[in-house]
1. Count, please, the residues in the stretch 68-97 that happen to be open to solvent by 50 Å² or more (accessible area, probe 1.4 Å) and assigned to a loop (DSSP other than H, G, I, E, B).
2. Given the conditions (1) surrounded by 11 or more Cβ atoms within 10 Å (Cβ to Cβ); (2) within 15 Å of Asn101 (Cβ to Cβ); (3) charged (D, E, K, R), report the number of the one that Glu49 does not fulfil.
3. Is there any pair with a first residue in the stretch 45-62 that is more than 17 Å from Val104 (Cα to Cα) and a second that is of a type in the set (Val, Ile, Thr) whose Cβ atoms are under 7 Å apart and which are 6 or more apart or on different chains, and what are they?
4. Filter the stretch 19-32 down to the residues that are free of Cβ contacts under 8 Å to residues at least 40 places away in the same chain and under 18 Å from Asn101 (Cα atoms), then identify the one that is least open to solvent (accessible area, probe 1.4 Å).
5. If you check every pair at least six apart or on different chains, which have Cβ atoms under 7 Å apart with a residue in the stretch 2-18 that is of a type in the set (A, V, I, L, M, F, W, C) first and a residue that is part of a loop (DSSP other than H, G, I, E, B) second?
6. For the stretch 64-79, which positions are modelled with pLDDT of 95 or more and farther than 16 Å from Lys26 by Cβ?
7. Among the residues of the stretch 1-31, what is the count of those that are under 17 Å from Arg84 (Cα atoms), modelled with pLDDT under 95 and aliphatic (A, V, I, L, M)?
8. When the residues of the stretch 1-18 are narrowed to those that are in contact with a Lys or Arg (Cβ under 9 Å, 6 or more places away or on another chain) and either among the β-branched types (Val, Ile, Thr) or part of a strand (DSSP E or B) (or both), which ends up most open to solvent (accessible area, probe 1.4 Å)?
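The values are calculated or read from the model by the stated rules, or taken from the named source; none is laboratory data. Please read these numbers as outputs of a predicted model, since none were measured by experiment. Glycine also receives a Cβ, built like all others from the backbone with ideal geometry; neighbour counts cover every protein chain displayed. SASA here: full protein model, heavy atoms, side chains in, ligands and nucleic acids out. Shrake-Rupley method; radii C 1.70, N 1.55, O 1.52, S 1.80 Å.
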Amino acid sequence: MPSYAGAPRLFVPTKRSQAREGERLKIKVVVLDNERPQSATLYWRHLGEGAWQERPLTHVARAVHTATLPAIGQTSVEYHIKVRAASGVTLRWPATAPELNQTVVVIPSDSTD
């Protein structure tokens, strides 16, 4: 099996920009490196409000990790991911985090499609 020889890299293959009220949003993260990261954490909060909540990423297989946001209420949320690679390098997604993060807008449960 070939191994990854490039610089450590972090990406989210499918980013969600909206979710239904009450939905638990599962986020898939790929961490490319030749070793498992020292740490991998999802940070989230209600849009622009309060302290960041933390959830560790769970290693699934090979370079794939996941984390699930708790059921989203009526307020939109923002999140970002921080990984400390085996070499000690810090990776962030999106690259602008924590100043600019991925936003998830809530679609109220009573809305019609």
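1. Selection size over the stretch 68-97: 7.
2. Condition not satisfied by Glu49: (1).
3. Pro56/Thr41; Leu57/Val29; Leu57/Thr41; Leu57/Thr66; Thr58/Thr66; Val60/Thr66
4. Val30
5. Ala5/Asn34
6. Result: Glu78, single match.
7. Final tally of qualifying residues: 1.
8. For the stretch 1-18, the residue satisfying everything is Thr14.
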